[in-house]
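Here the structure comes first, spelled out in structure tokens, and everything after it is commentary.
FYI, it's all coordinate maths here, none of it is from the lab. Since the structure is predicted, the reported quantities are computational estimates derived from the model, not experimental observations. Reconstructed Cβ throughout: ideal geometry from the backbone, glycine too, with neighbour counts over all protein chains shown.
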Amino acid sequence: MSLSLLLLPLLLAIPPPPSALAQAANISSFSSSDPPWLPGQGQILLSPNATFAAGFQPLHPNASSAQYTFSVWYYGISPVTVVWSANPNSTVDASASLVVTPGGQLFLNSSGAVRWARNATAAAALSLGDNGNLMFGAWESFSSPGISPGDTFLPSQNMNETTLVSKNGRFSFDSENLTFNGTEIYWTSPGKNKFLNMDDSGKISQENGQSILSADFGDKSVLRRLTLADDGNLRLFSYSQGEWTMVWQAMPELCQIHGLCGRNSICMGDGANGTYCVCPPGFRSSVDGNYECERKVPVASRQKAKFLRLDFVNFTGGLNQTNLQVANFSDCRAKCLADQTCEGFMFNYDGTGFCVLQLERLLYGYWSPGATANAMFLMVDQSETDTTNFTGLTSVLETTCPVNVTLPFPPDESSTTTRNIAIICTLFAAELISGMAFFWAFLKKYIKYRNMAQTLGLELLPAGGPKRFTLAEIKAATKGFLDPIGRGGFGDVYKGELSDKRVVAVKCLKNVAGGDAEFWAEVTIIARMHHLNLVRLWGFCAEKGQRILVYEYVPNGSLDKFLFRSSRATDQSETGEAAAATDQKPMLDWGVRYRIALGVARAIAYLHEECLEWVLHCDIKPENILLGDDFCPKISDFGLAKLRKKEDMVSMSRIRGTRGYMAPEWVKTDQITPKADVYSFGMVLLEIVSGVRNFEMQGSRIESEDWYFPGWAFDKAFKEMKVEDILDRQIKHAYDDKIHFKLVDRMVKTAMWCLQDRPELRPSMGKVAKMLEGTVEIMEPRKPTIFYLGDE
């Protein structure tokens, strides 16, 4: 053992001179020639560029008994942001000291015990680099394999050799996985590739050559740090305008982080107030606390148990998370009842047979309409009176309705046999006569429609096809076309009610080509298109020169009534407060707008890629997107372009659609492909985000004749990095970059790709839907240009 180590206790026991205690200064290095460094001195080790400082940092500044850690923090930034600590789990008191011995040892001493030490050469000195790296000889805080650097990574720091740990010790990040309690992984880096390092421009490099870019990528003038917070989320921050701003996060949905809520509870997030835990129906808060829930009524018998449906609820902590392939819902339910440890099961109504049994425990539950399409079916006792309060769009998929059929009781038996025989014979004769009459009427109708079907080539028309209404039935349903609800390029629309009490929308077409046979053939093709996001065609009328289509009625009207509120506000101010009260529409939040955009994209992809006959819509715009009671979007007027008269197309110079939404190829006289609908959808998607018409000029210095809405939005989002400038002002206050950034970023990038002036640069609608879903990576888009000006 060296002499310096033998003298160490004596050196540590000698108190410093009074002058040293009173001295407080900024130093550039600390060596054996300096007196012991005490917490009360206020002395700090400053980096050459004055960005970082090191020294004793009080753990709780306002506490009566001060405890300290020897830490590195950002200098001159309030509040103090610590990025590294030598002793985060072993604080020291005011009597501590930091000493460098002549033999090259660095000691942090407190109460006669060494809390932290490092060895170096005899001439070593403690210094702090411009990048926040604390150095002592060959030792560096940035490159200490196996030693946690705390909860923060800095630019140029090697991430592949160290592990971040949150301050509360519950969460860790090993450059690839976020883990709860050291064993349960709840997030993995994109492509399962480890993080290597982060540069000053906001780019995180991965080992496969890919990278993750921050929201303010490219700005090297700001300070950056990657921090694992106590809520378990990994976030990238940049410091500008006097505050730290989050520019990237691993998990937009905080409730998917494990450990935020206890056993049997469900994590909820509202974006503004963070997360909170609730108990599902049939459960109550446990007396033990810790956000846990317990059953109100134990399940007495599995044969008599019932299930409560919780839409958009997912439990990820059961002992069995294996996807089972089942034939239907009943099969999945039976498997849960057969397993004595099953607490419930998850099922998806997408036809894939997705079924997951939750065995023995219910952990890490969360509610998220955007992250899961599953429904959780929770087992409760038959006597449980709680009802589910988690409902969503899955209720739309229930297409069967219970029908109660009651039959009258037979009359009391009569003792008069003759009367009974007479009644029976009379009834039999009446049945025989009426049967013959009905058969004769059926035969006449059959011959009539058989000949018509043979003439039109519709002998194999499937059951459930469109019904042919008479003009009298249409007039009776609409009360003589008394209630108009819309006008469009294809005709006027009226509200009506059929004899079976179904509310319908009746469209009276104009400028229709062809005769009865051609019209019926085209209508039959349209009626065969079935999709959740397409308006259903129930029937038609072709009589006395009239061409009428009967659609399902969509109660909430078209999307433009909800998006473009400024024009409606002006109209209401002119017509009075009474009219304004009747036309008030609810505001669409970001989640509903995203689901509307995704539903419309899926419907157009269905028309382009999944129908037996290829269909172009040619007029995608907010007026042709209708919203149901649950704001489920439905596209109208699809397939009607085929019914236009040829001379009507010629008079329009072959241009179909609405100005402002038409693709450049309509004007360039290029070949029209499905990419024309892609362009129109991109313009609608940008309007969903901004809440304004594409031809309404926003704040810009560009001349009105050169102003182009997509180009303006691109500059704001990708050049000025001010995506908030293009958001709808009506709900801009509700935008939370922690929750909505990734969603809005996908919508804006997808819109820019759809709005490319050349058709071959635009993606197909199938790929557009996947881009919105987040299942494919979206590359950086090119700036959309005004097609007649060329690329910029």
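Sort TYR349, TYR446 so the one with the fewest other Cβ atoms within 10 Å of its own Cβ comes first.
With the fewest neighbours first, TYR349, TYR446 line up as TYR446, TYR349.
Work out the FRET efficiency for PHE442 and THR188 from their Cβ-Cβ distance, taking R0 = 51 Å, and round it to the nearest 0.05. Could the numbers behind the result be given before it?
Values: r = 66 Å, r/R0 = 1.29.
With R0 = 51 Å, the Cβ-Cβ based efficiency is 0.20.
If you take the alpha carbon radius of gyration of segment 467-552 and divide it by 2.2 N^0.38 Å, what ratio comes out, to two decimals?
Scaled against compact globular proteins, the figure is 1.03.
Test of understanding: ordering HIS608, HIS530 by Cβ neighbours within 10 Å, fewest first, what list do you get?
HIS530, HIS608
Per-residue HN-Hα couplings for segment 471-476, Karplus 6.51 cos²θ - 1.76 cosθ + 1.60 at θ = phi - 60°, whole Hz, x for Gly and Pro?
Values per residue, Gly and Pro as x: 5, 5, 5, 5, 5, 5 Hz.
Please list, in chain and number order, the residues 5+ apart from GLN358 or on another chain whose amide H is under 5 Å from its amide H, with Hs placed from the backbone.
HN-HN under 5 Å from GLN358: GLU343, GLY344, PHE345, MET346.
Take the Cβ-Cβ distance between GLN321 and ILE672 as r, set R0 to 45 Å, and report the resulting FRET efficiency rounded to the nearest 0.05.
0.40
Which ³J(HN,Hα) values in Hz, rounded to whole numbers, follow from the phi angles of segment 543-553 under the Karplus curve 6.51 cos²θ - 1.76 cosθ + 1.60, where θ = phi - 60° and Gly and Pro get x?
Along segment 543-553, the couplings run 8, 6, x, 8, 10, 10, 10, 10, 10, 5, 8 Hz.
Multiply the residue separation of SER31 and LYS510 by 0.36 nm, subtract the distance between their alpha-carbon atoms, and state the gained length in nm to one decimal.
The SER31-LYS510 span can extend by a further 163.2 nm.
Treat segment 51-186 as a sphere of radius equal to its Kirkwood radius over Cα pairs and apply Stokes-Einstein at 10 °C in a medium of 1.306 mPa s; give the translational diffusion coefficient in µm²/s, rounded to a whole number.
Estimated diffusion coefficient is 99 µm²/s.
Taking the Cα centre of segment 467-552 as origin and charging only Cβ (+1 Lys, Arg; -1 Asp, Glu), how large is the dipole, in debye to the nearest 20?
Rounded to the nearest 20 debye, it is 140 debye.
Taking 30 Å as the cut-off for C-alpha to C-alpha distance, list the pairs among LYS192/LYS732; LYS444/LYS510; LYS467/LYS634; LYS495/LYS621 that go past it. Don't skip to the end; give the middle numbers.
Numbers: LYS192/LYS732 35 Å; LYS444/LYS510 33 Å; LYS467/LYS634 21 Å; LYS495/LYS621 21 Å.
Pairs exceeding 30 Å: LYS192/LYS732; LYS444/LYS510.
Based on the alpha-carbon gyration tensor of segment 256-397, what equivalent-ellipsoid semi-axes (square roots of 5 times the eigenvalues) come out, in whole Å, largest first?
Values: eigenvalues 96, 71, 39 Å².
Gyration-tensor ellipsoid for segment 256-397: 22, 19, 14 Å.
Residue by residue, what Karplus-based ³J(HN,Hα) values in Hz, rounded to whole numbers, does segment 590-604 have, using 6.51, -1.76 and 1.60 with θ = phi - 60° and x for Gly and Pro?
Per-residue couplings from phi come out as 5, x, 5, 5, 5, 5, 5, 4, 5, x, 5, 4, 5, 5, 5 Hz.
Within segment 480-542, list the trypsin sites (Lys or Arg not before Pro) lying in a DSSP loop whose Cβ has at most 10 other Cβ atoms in a 10 Å radius. Intermediate values should be presented prior to the final figure.
Details: sites: ARG487, LYS495, LYS501, ARG502, LYS507, LYS510, ARG528, ARG536; in loops: LYS501, ARG502, LYS510, ARG528, ARG536.
Answer in residue order: LYS501.
Using a Förster radius of 45 Å, what is the FRET efficiency between ARG758 and SER330 based on their Cβ-Cβ separation? Nearest 0.05, please.
Values: r = 51 Å, r/R0 = 1.14.
Calculated transfer efficiency: 0.30.
Quickly rank 676-688, 427-439, 351-363 as a protection proxy: mean count of other C-beta atoms within 10 Å, highest first.
676-688, 351-363, 427-439
I need VAL99, VAL506 ordered by Cβ neighbour count within 10 Å, fewest first.
Final ranking by Cβ density, sparse to dense: VAL99, VAL506.
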